[in-house]
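Enquirer: Take a look at this one; I'll ask things after.
The values are calculated or read from the model by the stated rules, or taken from the named source; none is laboratory data. The shown structure was predicted, so the numbers you read here are calculated from the model rather than taken from an experiment. For neighbour counting, all protein chains shown are included, and Cβ atoms are generated from backbone atoms with ideal geometry for every residue, glycine included.
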Ligand code: AMP
Ligand code: TRP
């Protein structure tokens, strides 16, 4: 069976964009492939987070992914730092990773610009650690966003290079798994663009009903169409896009008809949209809170995930040691 690996950055809470753009696809993948999903807490050290945050962010993310429906009975969900075999592969891969190529990675250059006082070696070798995460399970497919394409190219390059240097076919070249036609872009409700944490327009799965109502009621609108069947300007299109994502087709059709006949009342539309978002997020929010309170269960899930991941990792690292000459 084909193997899927994906790393999750432990930063911030999940918002609707993350859910419909990424997590929902993980839910599908876990039914079809042998999946390893892990929380990339080593990678997060490049920015020197507070130790308390290193612990808490992992718990937070784990609770959120479980609440969304990542099923530990189907996928191995684990914490990166629980599988030390990855570090050994990271070291081996670094021996054949060259300064020049690492320095040319766009995200390295960007981060070096953003944190000039902290251009550390971990930042430079971020792509080798990511390649180690992937290659340790001999992954075939890696579901990632477009921003990770260069890191994926590096992972493929390191896999090929290892195979060539040692004359083996040990690592398959991992392909980026793009969700193609199914990829939904969740819009922001502040007029233009997408929903995102850094855009400051995110509706989080953990938001309570009052917060969601407040965020939705603030959505940007205009004075309404004056001609029947007008093209929707972007802020309005975004509201409708959101209805399409969370509401029933009937609700969408109702407001669309109102828009096309110039009778739309944005206040009503937003109220409905807020309630539909709440209906969607509320059960997830409840589960997040349940999981978060049940640290014993979360520790058990993380341990079982790590056991599964370690078994797969050990298998690979033994082969790698042998090939390199550690017999
Ligand atoms: P980020 O929260 O920006 O680190 O994004 C993590 C992943 O969530 C990305 O790789 C995307 O696949 C997905 N994502 C984030 N924001 C959106 C959005 N507004 N619409 C669709 N997908 C998104
Ligand atoms: N670099 C990825 C990101 O920023 C996270 C990540 C780390 C990852 N290791 C990975 C993703 C391995 C896929 C596979 O989102």
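Enquirer: Quick check: anything in region 62-74 under 18 Å from residue 5 (Cβ atoms), under 18 Å from the mean Cα position of the chain (by Cα) and within 12 Å of ligand 2 (Cβ to nearest atom)?
Expert: no
Enquirer: Here's another thing I want to ask about it. Among the residues in region 1-24, are any more than 16 Å from ligand 1 (Cβ to nearest atom) and at pLDDT below 95?
Expert: yes
Enquirer: Next question, about the same structure. For region 73-96, enumerate the residues that are in contact with a helix residue (DSSP H, G or I) (Cβ under 8 Å, 6 or more places away or on another chain) and surrounded by fewer than 19 Cβ atoms within 10 Å (Cβ to Cβ). Even if it seems obvious, please write down each step before you answer.
Expert: Within region 73-96, the first condition is being in contact with a helix residue (DSSP H, G or I) (Cβ under 8 Å, 6 or more places away or on another chain), and the residues that meet it are 74-80, 82-83, 85-90, 92-94, 96.
74, 82, 87, 88, 94, 96 - these are the residues of region 73-96 that are in contact with a helix residue (DSSP H, G or I) (Cβ under 8 Å, 6 or more places away or on another chain) and surrounded by fewer than 19 Cβ atoms within 10 Å (Cβ to Cβ).
Enquirer: Of the residues in region 89-128, how many are in a loop (DSSP other than H, G, I, E, B) and either under 15 Å from residue 153 (Cα atoms) or in contact (Cβ under 8 Å) with a residue 24 or more places away in the chain (or both)?
Expert: 8
Enquirer: Test residue 288 against the stated conditions and say whether it is under 20 Å from the mean Cα position of the chain (by Cα) and part of a helix (DSSP H, G or I).
Expert: Values: under 20 Å from the mean Cα position of the chain (by Cα): yes; part of a helix (DSSP H, G or I): yes.
Yes: the conditions hold for residue 288.
Enquirer: Okay, moving on. Test residue 49 against the stated conditions and say whether it is buried (at least 20 other Cβ atoms within 10 Å of the Cβ), within 16 Å of ligand 1 (Cβ to nearest atom) and part of a loop (DSSP other than H, G, I, E, B).
Expert: For residue 49, the condition - buried (at least 20 other Cβ atoms within 10 Å of the Cβ), within 16 Å of ligand 1 (Cβ to nearest atom) and part of a loop (DSSP other than H, G, I, E, B) - is not met.
Enquirer: Could you please give the count of residues in region 134-149 that are closer than 13 Å to residue 35 by Cβ and more than 11 Å from ligand 1 (Cβ to nearest atom)?
Expert: Here is the first cut: in region 134-149, the residues closer than 13 Å to residue 35 by Cβ are 134, 137, 139-143.
From what's left, more than 11 Å from ligand 1 (Cβ to nearest atom): 134, 137, 139-142.
Count: 6.
Each row is one residue, and each column tells you yes or no for (1) surrounded by fewer than 17 Cβ atoms within 10 Å (Cβ to Cβ); (2) touching a helix residue (DSSP H, G or I) at 6+ places or on another chain (Cβ under 7 Å).
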{"site": "266", "(1), (2)": "no, no"}
{"site": "273", "(1), (2)": "no, yes"}
{"site": "283", "(1), (2)": "yes, no"}
{"site": "288", "(1), (2)": "no, yes"}
{"site": "296", "(1), (2)": "yes, no"}
{"site": "305", "(1), (2)": "no, no"}
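Enquirer: Using the structure shown, decide if residue 134 is more than 25 Å from residue 178 (Cβ to Cβ) and part of a helix (DSSP H, G or I).
Expert: So residue 134 fails the test.
Enquirer: A follow-up question, please. So, in region 1-39, exactly how many residues are part of a loop (DSSP other than H, G, I, E, B) and surrounded by fewer than 22 Cβ atoms within 10 Å (Cβ to Cβ)?
Expert: 7
Enquirer: Got a sec? Which of 129, 124 is surrounded by 19 or more Cβ atoms within 10 Å (Cβ to Cβ) and within 12 Å of ligand 2 (Cβ to nearest atom)?
Expert: After ruling out the rest, the residue left standing is 129.
Enquirer: In addition: For region 94-104, state whether one or more residues are modelled with pLDDT of 95 or more, more than 16 Å from ligand 2 (Cβ to nearest atom) and within 20 Å of the chain's Cα centre (by Cα).
Expert: For region 94-104, residues modelled with pLDDT of 95 or more, more than 16 Å from ligand 2 (Cβ to nearest atom) and within 20 Å of the chain's Cα centre (by Cα): absent.
Enquirer: Where in region 161-271 are there helices (runs of 4 or more DSSP H), lying fully within it, with 1 or more residues that are touching a residue at least 24 places away in the same chain (Cβ under 8 Å) and closer than 23 Å to residue 18 by Cα?
Expert: Once the helices (runs of 4 or more DSSP H) in region 161-271 are filtered for at least 1 residues that are touching a residue at least 24 places away in the same chain (Cβ under 8 Å) and closer than 23 Å to residue 18 by Cα, what remains is 209-217, 234-246.
Enquirer: Is it true that some residue in region 75-83 is out of contact with any strand residue (DSSP E or B) (no Cβ under 7 Å at 6 or more places or on another chain), modelled with pLDDT of 95 or more and not in a helix (DSSP H, G or I)?
Expert: Yes, the conditions are met somewhere in region 75-83.
This table checks each residue for (1) surrounded by 19 or more Cβ atoms within 10 Å (Cβ to Cβ); (2) at pLDDT 95 or above; (3) within 16 Å of ligand 2 (Cβ to nearest atom).
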| site | (1), (2), (3) |
| --- | --- |
| 197 | no, no, yes |
| 204 | yes, yes, no |
| 213 | no, yes, no |
| 219 | yes, yes, no |
| 237 | no, yes, no |
| 241 | no, yes, no |
| 249 | no, yes, no |
